[in-house]
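S.K.: Have a look at the structure that comes next, please.
The values are calculated or read from the model by the stated rules, or taken from the named source; none is laboratory data. These numbers were taken from a predicted model, which means no experiment stands behind them. Glycine gets a Cβ as well: all are built from the backbone with ideal geometry, and neighbour counts include every protein chain shown.
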Amino acid sequence: MPDKSPIEKIKENSEHLRGTLKESLRDELTGAIREDDQAVIKFHGMYQQDDRDRREERAAKKLERLYSFMIRLRLPGGFLTPEQWIAVYEVAGAHSTGVIKITSRQTLQLHGIIKSAVKPTISSFNEAKLDSIATCGDINRNVLCSSHPKQSPLHATVFAYADKISQLLMPKTKAYYEIWLDEEVLVDKKKEEDPLYQDRYLPRKFKIAIAVPPNNDVDVFANDIGLISVIEDGALKGFNIAIGGGLSSTHGNPETYPRLASMIGFVDTEEKLLKAVYEIATIQRDYGNRNDRKLARLKYTVDKFGLDWYKKELEVRTGFALQPAKEYVFNSRKDFFGWEQNDEGLWYYTAFVENGRICDDESTQLKSALLAIAKTGRANFRFTCNQNVIISDVTPADKHLIDGIIVSFGVGAHTEQTSVVRRNSMACVALPTCPLALAEAQRYLPSLIDKIETLLDKHRLKEEEIIIRMTGCPNGCARSYAAEIGFVGTAPGKYNMHLGGDRIGERLNKIYKENIGEEEILRTLDHLFGEYAAGKNDKETFGDFALRMQVV
């Protein structure tokens, strides 16, 4: 039998995710933490990173790399109160680069936090009733839910499940509280025995999303577990369950691949849903690949043993049979920009945030605007899986006040004047902080979109809501494999171009050209847009056209 991967041994020997983190934090001779602790700290919602732009400069001066930490919050469904937003703003100003990043998993992360500032950052978040537990690592991560309350009168009912599932799959260890918040060390470790994670945790990261049809804004099939709410006659009847989604792969390794989740059935009660979700995780715990991390996601377990086997094993563990999946319809996968009103009469303003970077720049003072709105106490904040922010739950009486702030800081004009293709674009962080990045993504995509907009205007396609996504490596954090046009970084300035994904997230794209630079990207798109403009059917999307014409 193959040996377990080194990470497996680190987890088992970590004393329930404690490792030697306390000792690492006390070491003032380095900005880094011990090698094994770099794996353990992920379970606490953090990554050790360094500024890759400055590696050569520091090496020439015989200095160690400029290490810092990224901290990611646990925000089931992506919700913050105004008081919590103010806390995040203040922490970002005191300890990080200052940019607040909305992730593609509907939460926030801060970059550039030096080692000595990690504990003060966690402490400040804790005072605001926020934490970063289980947002990274081999564990269930931030649970997604369709973000906009206008999508259904039952949105709040469905939305509540994000927190219920997050709580259900939380680790039992008190390590986070001992290390970062100086709470009393638990003497009797038996009190934190974890029936779900044991001392092994999961073989790899685990992601869950909840969708409210007809909008698939969460990319529900890109997750290990995809839950589709079934609403009939104004009542929540239950959830369809799909398993085995995941978009990460490895260049040059044909055993790895992106995969969309497969439907296995329907459950009609909350008790059954939570039991099913829990046991899907236990099956992955027991049968997932612990030897090769590249093959450790649930999608590979499903494909190894078969969907029928997984479903039968699930029914044995839950003690009930799944019902056949119910009918549903997705017709979009987007955010609702501008002002929208829900069935209760509350107002919501979705502001465009390019690649999720909340900051002030020459075009808009978004960060300052959100602080001003938070200080009124008249609006909450919701974050979308497309990396935008919704100024939420505004009463009719307060709408004029909030709109005045949106307009005065340039947020309204920026959102309204942004092209539809840019609104639909998304990029991962990539360089300079992500250690896995092979190419640029969020720093480069805006300028590439500038040139793509020119091509679309040339071919009279500027109103086409084409979905374009870019990642700096094949891990797929910005879900580039589920885009109509996807760019996957291969080397500095080079990308694989993927085409043919659909508009609603039910079909992956396929590779079209490999390892190409900007000149060939633009030349290729110019040709394809010309063919699309001349030959598309009425209301035919670019992805559907590429497939029909066998471009891929």
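S.K.: Which one is nearest to Leu108 (Cα to Cα), of the residues in the range 41-61 that are among the aliphatic types (A, V, I, L, M) and surrounded by fewer than 18 Cβ atoms within 10 Å (Cβ to Cβ)?
M.R.: Checking each candidate, the answer is Ala59.
S.K.: Okay, next question. Can you pull out every residue in the range 25-59 that is polar (S, T, N, Q) and free of Cβ contacts under 8 Å to residues at least 24 places away in the same chain?
M.R.: The answer is Gln38, Gln48.
S.K.: Testing Lys458 on (1) over 25 Å from Gly112 (Cβ atoms); (2) without any contact (Cβ under 8 Å) to a residue 12 or more places away in the chain, one condition comes back false. Which one is that?
M.R.: (2)
S.K.: Scan the range 393-402 and give yes if some residue there is out of contact with any Ser or Thr (no Cβ under 6 Å at 6 or more places or on another chain) and within 28 Å of Asp502 (Cα to Cα), otherwise no.
M.R.: Looking for residues that are out of contact with any Ser or Thr (no Cβ under 6 Å at 6 or more places or on another chain) and within 28 Å of Asp502 (Cα to Cα), one finds none in the range 393-402, hence no.
S.K.: Going by the structure shown, is Asp360 in contact with a Lys or Arg (Cβ under 6 Å, 6 or more places away or on another chain) and farther than 16 Å from Gln341 by Cβ?
M.R.: yes
S.K.: Scanning the range 179-202 for residues that are surrounded by 17 or more Cβ atoms within 10 Å (Cβ to Cβ) and not aromatic (Phe, Trp, Tyr), which turns out farthest from Gly77 (Cα to Cα)?
M.R.: Ile179
S.K.: Quick check: anything in the range 75-87 buried (at least 19 other Cβ atoms within 10 Å of the Cβ) and of a type in the set (D, E, K, R)?
M.R.: Taking every residue of the range 75-87 in turn, none turns out to be buried (at least 19 other Cβ atoms within 10 Å of the Cβ) and of a type in the set (D, E, K, R).
S.K.: State whether one or more residues within the range 361-376 are charged (D, E, K, R), in a helix (DSSP H, G or I) and more than 23 Å from the chain's Cα centre (by Cα).
M.R.: Yes; the residues of the range 361-376 include at least one that is charged (D, E, K, R), in a helix (DSSP H, G or I) and more than 23 Å from the chain's Cα centre (by Cα).
S.K.: Suppose the filter is assigned to a loop (DSSP other than H, G, I, E, B), loosely packed, with under 14 Cβ neighbours inside 10 Å and among the aliphatic types (A, V, I, L, M); does Val316 pass it?
M.R.: no
S.K.: Based on this model, can you work out whether Thr97 counts as within 22 Å of the chain's Cα centre (by Cα) and without any contact (Cβ under 8 Å) to a residue 24 or more places away in the chain?
M.R.: yes
S.K.: Still on this structure: How about the range 133-170: which of its residues are in a loop (DSSP other than H, G, I, E, B), under 25 Å from Thr350 (Cα atoms) and either among the aliphatic types (A, V, I, L, M) or under 17 Å from the mean Cα position of the chain (by Cα) (or both)?
M.R.: Thr135, Arg141, Asn142, Val143, Ser146, Ser147, His148, Leu154
To keep it simple, each residue is scored yes or no on (1) polar (S, T, N, Q); (2) in contact with a helix residue (DSSP H, G or I) (Cβ under 7 Å, 6 or more places away or on another chain).
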site	(1), (2)
Ser392	yes, no
Thr395	yes, no
His400	no, no
Ser408	yes, no
Gly412	no, yes
Thr418	yes, no
Arg423	no, no
Ala427	no, yes
Pro432	no, yes
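S.K.: Within the range 136-176, restricting attention to residues that are touching an Asp or Glu at 6+ places or on another chain (Cβ under 7 Å) and polar (S, T, N, Q), which residue is nearest to Pro203 (Cα to Cα)?
M.R.: Residue satisfying both the conditions and the ranking: Thr173.
S.K.: A follow-up question, please. Could you say whether any residue in the range 52-62 is out of contact with any Lys or Arg (no Cβ under 8 Å at 6 or more places or on another chain) and either of a type in the set (S, T, N, Q) or within 24 Å of Ala369 (Cα to Cα) (or both)?
M.R.: The answer is no; no qualifying residue exists.
S.K.: For Ala276, all conditions in the list (1) over 24 Å from the mean Cα position of the chain (by Cα); (2) under 19 Å from Lys164 (Cβ atoms) hold save one; what is the number of the exception?
M.R.: (1) is the only condition that Ala276 fails.
S.K.: In this structure, does Ile122 turn out to be part of a loop (DSSP other than H, G, I, E, B) and β-branched (Val, Ile, Thr)?
M.R.: For Ile122, the condition - part of a loop (DSSP other than H, G, I, E, B) and β-branched (Val, Ile, Thr) - is not met.
S.K.: Starting from residues that are assigned to a strand (DSSP E or B) and within 20 Å of the chain's Cα centre (by Cα), keep the ones in the range 322-356 and report whichever is farthest from Leu154 (Cα to Cα).
M.R.: Step by step, filter the range 322-356, then rank; the result is Ala351.
S.K.: Next up: Filter the range 389-402 for residues that are touching a residue at least 12 places away in the same chain (Cβ under 8 Å), over 14 Å from Leu80 (Cβ atoms) and not in a helix (DSSP H, G or I) and give the result.
M.R.: Val394, Thr395, Pro396, Asp398
S.K.: Determine whether the range 413-420 contains at least one residue that is surrounded by 23 or more Cβ atoms within 10 Å (Cβ to Cβ) and touching a strand residue (DSSP E or B) at 6+ places or on another chain (Cβ under 7 Å).
M.R.: Within the range 413-420, not a single residue is surrounded by 23 or more Cβ atoms within 10 Å (Cβ to Cβ) and touching a strand residue (DSSP E or B) at 6+ places or on another chain (Cβ under 7 Å).
S.K.: Here is a follow-up. Given the conditions (1) surrounded by 17 or more Cβ atoms within 10 Å (Cβ to Cβ); (2) touching a residue at least 60 places away in the same chain (Cβ under 8 Å); (3) assigned by TED's automatic domain parsing to the domain that holds Asp199, report the number of the one that Asp292 does not fulfil.
M.R.: Checking Asp292 against (1) surrounded by 17 or more Cβ atoms within 10 Å (Cβ to Cβ); (2) touching a residue at least 60 places away in the same chain (Cβ under 8 Å); (3) assigned by TED's automatic domain parsing to the domain that holds Asp199, the one that fails is (1).
S.K.: For the range 1-40, name all the residues that are surrounded by fewer than 20 Cβ atoms within 10 Å (Cβ to Cβ), under 22 Å from Asp182 (Cβ atoms) and among the hydroxyl-bearing types (Ser, Thr, Tyr).
M.R.: Within the range 1-40, Thr20 is the sole residue that qualifies.
S.K.: Within the bounds of the range 109-117, is there any residue that is in contact with a strand residue (DSSP E or B) (Cβ under 6 Å, 6 or more places away or on another chain), surrounded by 17 or more Cβ atoms within 10 Å (Cβ to Cβ), in the same structural domain as Asp51 (by TED's automatic domain parsing) and without any contact (Cβ under 8 Å) to a residue 40 or more places away in the chain?
M.R.: Looking through the range 109-117, at least one residue is in contact with a strand residue (DSSP E or B) (Cβ under 6 Å, 6 or more places away or on another chain), surrounded by 17 or more Cβ atoms within 10 Å (Cβ to Cβ), in the same structural domain as Asp51 (by TED's automatic domain parsing) and without any contact (Cβ under 8 Å) to a residue 40 or more places away in the chain.
S.K.: Something else: Quick check: anything in the range 224-234 outside the structural domain of Lys494 (by TED's automatic domain parsing), surrounded by 23 or more Cβ atoms within 10 Å (Cβ to Cβ) and closer than 24 Å to Glu8 by Cα?
M.R.: Yes, some residue in the range 224-234 is outside the structural domain of Lys494 (by TED's automatic domain parsing), surrounded by 23 or more Cβ atoms within 10 Å (Cβ to Cβ) and closer than 24 Å to Glu8 by Cα.
S.K.: Look at Lys312 and say whether it is of a type outside the set (S, T, N, Q), more than 30 Å from Leu438 (Cβ to Cβ), free of Cβ contacts under 8 Å to residues at least 12 places away in the same chain and not assigned by TED's automatic domain parsing to the domain that holds Cys477.
M.R.: Here the answer is yes, as Lys312 does meet what is asked.
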